[in-house]
1. Among the residues of region 313-326, which ones are surrounded by fewer than 24 Cβ atoms within 10 Å (Cβ to Cβ) and part of a loop (DSSP other than H, G, I, E, B)?
2. Pick from LEU35, LEU7: which is surrounded by 12 or more Cβ atoms within 10 Å (Cβ to Cβ) and over 30 Å from CYS95 (Cβ atoms)?
3. What do you reckon, is ALA106 in contact with a Cys (Cβ under 8 Å, 6 or more places away or on another chain), surrounded by 24 or more Cβ atoms within 10 Å (Cβ to Cβ) and not basic (Lys, Arg)?
4. Can you say whether SER194 is touching an Asp or Glu at 6+ places or on another chain (Cβ under 9 Å), among the polar types (S, T, N, Q) and either within 16 Å of the ligand (Cβ to nearest atom) or without any contact (Cβ under 8 Å) to a residue 60 or more places away in the chain (or both), as far as the supplied structure shows?
5. Look at TYR331 and say whether it is within 16 Å of the ligand (Cβ to nearest atom), buried (at least 17 other Cβ atoms within 10 Å of the Cβ) and modelled with pLDDT of 95 or more.
6. Restricting the search to region 128-143, which residues are crowded, with 19+ Cβ neighbours inside 10 Å and either more than 15 Å from the ligand (Cβ to nearest atom) or of a type in the set (Asp, Glu) (or both)?
7. Quick one: in region 182-191, which of the residues that are part of a loop (DSSP other than H, G, I, E, B) and in contact with a Pro (Cβ under 6 Å, 6 or more places away or on another chain) is nearest to the ligand (Cβ to nearest atom)?
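The values are calculated or read from the model by the stated rules, or taken from the named source; none is laboratory data. From a predicted model like this one, the values you see are computed outputs, not experimental measurements. Note that each Cβ is placed from the backbone with ideal geometry, even for glycine, and that neighbours are counted across all protein chains shown.
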Amino acid sequence: MLPKRILDYGKSGNVIREISEYGKQRAREIGPENLYDFSIGNPSVPCPEQVTQTLISLLQTVPAKKLHAYTAAPGDPGVRQAVADYLNGRFGRHCSGDGIYLTAGAAAALAISLTALLNPGEEVILPAPFFSEYVVYTEQAGGVPVIVPCRSDFQLDVDVIERAITEKTRVLLLNSPNNPSGVVFREDTVRAVSQLLARKSRELGHTIYLLSDEPYRELAYDGMEVPYLPNYYPNTLVCNSFSKCLSLAGERLGYVLVPETVENWRDVYAAVCGGGRALGYINVSSLFQFALPACLGQTADLSIYAENRRILVSALKEYGYEMATPDGAFYLYVKALEEDDMAFCKKAREFELLLVPGQAFYYPGYVRVAYCMDTDTIRRALPAFKKLAQAYGK
Ligand code: PLP
């Protein structure tokens, strides 16, 4: 017999990818120009020219035997040191290459970190709404997801988090800028949460870790600062990737950072290496590893997302939709115009609009609109959003 939980993961699939597959099929039927697919967070702007040129140069100058060979399991030491130097320069923290584990995107970074931190039955607090794969990674690591709601403005609710902490709590997993709400967690709540975790760790006699998932760090608008969590709470591990900021989602490049402020950081890092080994997530693409040092600090042209956000927010508000203030990422979390967000998404399909129901993020009653597409499509989709609102008497 096949293991039921794993079979269920495979059979139920990922809601967002299923909608996106439906979108591909529908686009073939009615023509892509007539479909408005706001389902998946696939970056639409090209990667920086620097990435392309670096890859070409590596292919032309580094002997193939070296370029395509195995690196150390956590990544090439020189590349890891380059990532650490970059982070130290930017955030003023003290980490070394010995605290970096290169991964196949933030997805692998999260799965590895949770495998490293959790004993069977230990709990991971997940403020909703959140990226649904957190549940899969937590369960696969033997942990138990404990889902708590954010406040109605999608900021963290510190009291609710406090009430969710038990003697089994091991990790609080935060994602800011947030997928799907677009919210950046404010510094005062980050401070309050850090103080809470420090106090609870003392009371319980074991460390509660903060896991900061930040693939959207570079996507913050209107000068919004995104607090760097290791600066607030020492026992923070960071999971990050270059999927969104460098538009390299398909290449799978990211990292886990274990800062030297983490208690027994060398052991925690060793556990991260163990997690990578246990999951078979070793030695991320050597070609992309070697390209990375020349591209650190660069971003794709993210201004298109800012423009899309401006157009969409103003039009949707005018049509009568309500949403959280999107500070970052490339998502809007819009209140569904009927109670059942699934039914609302179904209705949206009548206007060829593909939206993701809030249930997929463990926070129903809303839908996610991913606006990482070209601005022309956004403009062409506006009448469909208007007709959808009108169908609900707006
Ligand atoms: N975390 C969040 C919040 C995401 O939205 C995503 C992808 O959309 C990931 C992690 C995984 O990203 P990656 O492509 O780096 O694996």
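1. Looking only at region 313-326, we keep the residues that are surrounded by fewer than 24 Cβ atoms within 10 Å (Cβ to Cβ), and these are 313-325.
If the condition is that a residue be surrounded by fewer than 24 Cβ atoms within 10 Å (Cβ to Cβ) and part of a loop (DSSP other than H, G, I, E, B), then GLY320, TYR321, GLU322, ALA324, THR325 are the ones that fit.
2. Details: LEU7 fails: surrounded by 12 or more Cβ atoms within 10 Å (Cβ to Cβ).
After applying the criteria, what remains is LEU35.
3. On the way: in contact with a Cys (Cβ under 8 Å, 6 or more places away or on another chain): yes; surrounded by 24 or more Cβ atoms within 10 Å (Cβ to Cβ): yes; not basic (Lys, Arg): yes.
Yes: the conditions hold for ALA106.
4. Values: touching an Asp or Glu at 6+ places or on another chain (Cβ under 9 Å): no; among the polar types (S, T, N, Q): yes; either within 16 Å of the ligand (Cβ to nearest atom) or without any contact (Cβ under 8 Å) to a residue 60 or more places away in the chain (or both): yes.
Answer is no for this residue.
5. On the way: within 16 Å of the ligand (Cβ to nearest atom): yes; buried (at least 17 other Cβ atoms within 10 Å of the Cβ): yes; modelled with pLDDT of 95 or more: yes.
Yes; evaluated as a whole, the condition is true for this residue.
6. Of everything in region 128-143, those that are crowded, with 19+ Cβ neighbours inside 10 Å and either more than 15 Å from the ligand (Cβ to nearest atom) or of a type in the set (Asp, Glu) (or both) turn out to be ALA141, GLY143.
7. Applying the first criterion (part of a loop (DSSP other than H, G, I, E, B)) to region 182-191 yields 182-186.
Filter once more, keeping what is in contact with a Pro (Cβ under 6 Å, 6 or more places away or on another chain): 182, 184.
Numbers: GLY182: 11, VAL184: 13 Å.
For region 182-191, the residue satisfying everything is GLY182.
The rows are residues; the columns are (1) without any contact (Cβ under 8 Å) to a residue 40 or more places away in the chain; (2) touching a Gly at 6+ places or on another chain (Cβ under 7 Å); (3) of a type in the set (A, V, I, L, M, F, W, C).
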{"residue": "ASN88", "(1), (2), (3)": "yes, no, no"}
{"residue": "ALA106", "(1), (2), (3)": "no, yes, yes"}
{"residue": "VAL124", "(1), (2), (3)": "no, yes, yes"}
{"residue": "PRO127", "(1), (2), (3)": "no, no, no"}
{"residue": "GLU139", "(1), (2), (3)": "no, no, no"}
{"residue": "ILE147", "(1), (2), (3)": "no, no, yes"}
{"residue": "GLU162", "(1), (2), (3)": "yes, no, no"}
{"residue": "GLU167", "(1), (2), (3)": "yes, no, no"}
{"residue": "ASN175", "(1), (2), (3)": "no, no, no"}
